[in-house]
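All of the numbers you see were taken from the coordinates with simple rules; none came from a lab. Keep in mind the model is a prediction, meaning the values are calculated, not measured. Note that we place each Cβ from the backbone using ideal geometry, even for glycine, and neighbour counts take in every protein chain shown.
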Amino acid sequence: MSFTPSKPIKRVTVHTLEELKQRGEKISMLTAYDYSLAKIVDDANIDVILVGDSASNVMAGHETTLPITLDQMIYHASSVIRAVKRALVVVDLPFGSYQGNSKEALLSSIRIMKESGAHAIKLEGGEEVIESVKRIISAGVPVMGHLGLTPQSIYKFGTYSVRAVEKEEADKLIRDAQLLQDAGCFAIVLEKIPAELAHQVTDMLKIPVIGIGAGANVDGQVLVLHDMLGINKDFTPRFMRRYLNLYDQIKSGVEHYIADVKAKDFPNSNEQY
Ligand code: KIV
């Protein structure tokens with residue numbers, strides 16, 4: 001099954017996303033961290049590829065997103081960029097590369113843009129990081145915000161449960177979303193918050209709102225590629241839809257290969273020189 005866009009897009013830019021919101025066409029976004037999978041995702045006509053700091057979990061096996069470094073994010077982003085012809089590529093500023101001060105945030109963003117060739121950066125937080133957001137944007141780097149469940153603050157929250165359920169936190173999220181738009185962000189991600197709140201923020205903002213676990217009434221959706229393809233079987237939140245079961249398919253392929261090697265069936269006479 002494939003989707004034919006109402007107006008074919010040669011190259012997705014931040015302005016394309018704004019246009020998609022205006023004409024009510026949903027924005028599709030997935031993560032990718034390497035050349036081979038980014039190429040498939042881009043060839044499938046995804047709108048946005050996020051080189052997420054979830055690479056820390058998915059690619060490196062860490063428990064949280066905190067350990068991944070700026071150098072490692074640049075390595076992943078460069079690999080993705082080499083594969084992509086159409087999608088907008090957004091790269092996460094990793095934990096510790098922007099929270100200190102706005103100058104550090106700008107220098108980290110410049111390194112990502114210069115060394116990987118990415119098109120935009122994403123960072124977590126609202127009011128606390130607003131000076132950094134303004135400084136990065138003033139240097140010409142597009143910024144995507146990220147509110148709600150912000151995994152870089154996991155040790156502050158204590159759990160990965162739904163955020164902004166209480167009024168005080170929901171009110172702060174609404175204020176932060178407005179601040180990010182006013183500071184010049186081109187879009188924001190809302191992660192794991194009540195669908196009604198995400199709907200309200202989406203109606204309030206002119207910029208696109210991309211949801212993950214934020215319900216249907218947002219401008220677009222993002223998922224972690226390895227989760228939705230079923231490469232990672234352990235992560236099963238309610239918002240996740242699995243499109244394939246690649247863990248079992250890859251395992252079965254590898255088992256088949258091992259059996260063929262052991263049985264001296266591979267290689268056969270046509271598979272040698
Ligand atoms: O790092 C990531 O994959 C993300 C998405 C969950 C939005 O930030």
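With +1 assigned to the C-beta of every Lys and Arg and -1 to the C-beta of every Asp and Glu, and no other charges, what is the dipole magnitude of the chain about the Cα centre in debye, to the nearest 20? Before the final figure, lay out each step's value.
Details: 30 positive and 34 negative charges, 124 e Å.
Charge dipole, the chain, about its Cα centre: 600 debye, nearest 20.
Can you give the calculated 222 nm mean residue ellipticity of the chain, where each DSSP H run of n ≥ 4 adds -39,500 (n - 2.57) and the sum is split over every residue, rounded to the nearest 500 deg cm²/dmol? Mind showing how you got there, number by number?
Working: 11 runs with 112 residues, N = 273.
Taking each H run of at least 4 residues, the total per residue is -12000 deg cm²/dmol.
Each residue of segment 37-52 in order: what ³J(HN,Hα) in whole Hz does its phi give by Karplus 6.51 cos²θ - 1.76 cosθ + 1.60, θ = phi - 60°, with x for Gly and Pro?
Values per residue, Gly and Pro as x: 6, 4, 5, 5, 5, 5, 4, 7, 6, 5, 7, 10, 10, 9, 7, x Hz.
When a/c reaches 1.5 or more, the comparison of a/b and b/c decides; with that in mind, is segment 1-142 rounded, prolate or oblate per its Cα gyration tensor?
Working: a/c = 1.95, a/b = 1.34, b/c = 1.46.
Cα axes put segment 1-142 in the oblate bin.
Hey, quick one: spin label on residue 235, modelled 7 Å out along Cα-Cβ, who in segment 82-119 has an amide N within reach, i.e. under 18 Å?
Taking a point 7 Å out along Cα→Cβ of residue 235, the residues of segment 82-119 whose backbone N falls under 18 Å are 90-95.
With the cut-off at 30 Å, tell me which of the pairs 39/264; 39/134; 10/192; 122/206; 39/172 have Cα atoms farther apart than that.
Numbers: 39/264 35 Å; 39/134 32 Å; 10/192 32 Å; 122/206 18 Å; 39/172 38 Å.
Violating the 30 Å Cα-Cα cut-off are 39/264; 39/134; 10/192; 39/172.
How big is the antiparallel share of DSSP beta bridges in the chain, given as a percent to the nearest 5?
Working: 0 of 27 bridges.
Bridges in the chain are about 0 percent antiparallel.
Can you compute the modelled spin-label distance between residue 255 and residue 101, with each label point 7 Å from Cα toward Cβ, in nm?
Each label point is offset 7 Å from its Cα along the Cβ direction, giving 5.8 nm.
Hey, with R₀ at 25 Å, roughly what FRET efficiency would residue 138 and residue 15 work out to, going by the Cβ-Cβ distance, to 0.05? Before the final figure, lay out the partial values.
On the way: r = 19 Å, r/R0 = 0.74.
With R0 = 25 Å, the Cβ-Cβ based efficiency is 0.85.
Relative contact order for the chain: what is it in percent, counting Cα pairs under 8 Å that are at least 6 residues apart? Mind showing how you got there, number by number?
Values: 497 pairs, mean separation 40.7, N = 273.
Reported relative contact order: 15 percent.
Put a dot 7 Å past each Cα toward the Cβ at residue 2 and residue 40; how far apart are the dots in nm?
So the label points at residue 40 and residue 2 sit 1.5 nm apart.
Normalised by the empirical 2.2 N^0.38 Å for globular proteins, what value does the Cα Rg of segment 14-242 take?
Values: Rg = 16.0 Å, N = 229, 2.2 N^0.38 = 17.3 Å.
That works out to 0.92 for segment 14-242.
Given points 7 Å out from each Cα along the Cα-Cβ axis, report the residue 196 to residue 25 separation in nanometres with one decimal.
In this crude label model, residue 196 to residue 25 measures out at 3.3 nm.
Taking the Cβ of residue 218 as the centre, find all other residues whose Cβ is under 12 Å away and add up their charges (Lys, Arg: +1; Asp, Glu: -1). Spell out each step's value before the answer.
Values: positive: 21, 26; negative: 191, 196, 203, 219.
My count for the surroundings of residue 218 gives -2.
Roughly how big is segment 115-174's charge dipole about its Cα centre, with Cβ charges of +1 (Lys, Arg) and -1 (Asp, Glu), in debye to the nearest 20? Numbers along the way, then the final one.
Numbers: 7 positive and 9 negative charges, 25 e Å.
For this selection, approximately 120 debye.
What aspartates and glutamates could a cross-link reach from residue 85, if we take a straight Cα to Cα line under 15 Å and drop same-chain neighbours fewer than 8 places away?
Those aspartates and glutamates meeting the cut-off are 34, 42, 43, 47.
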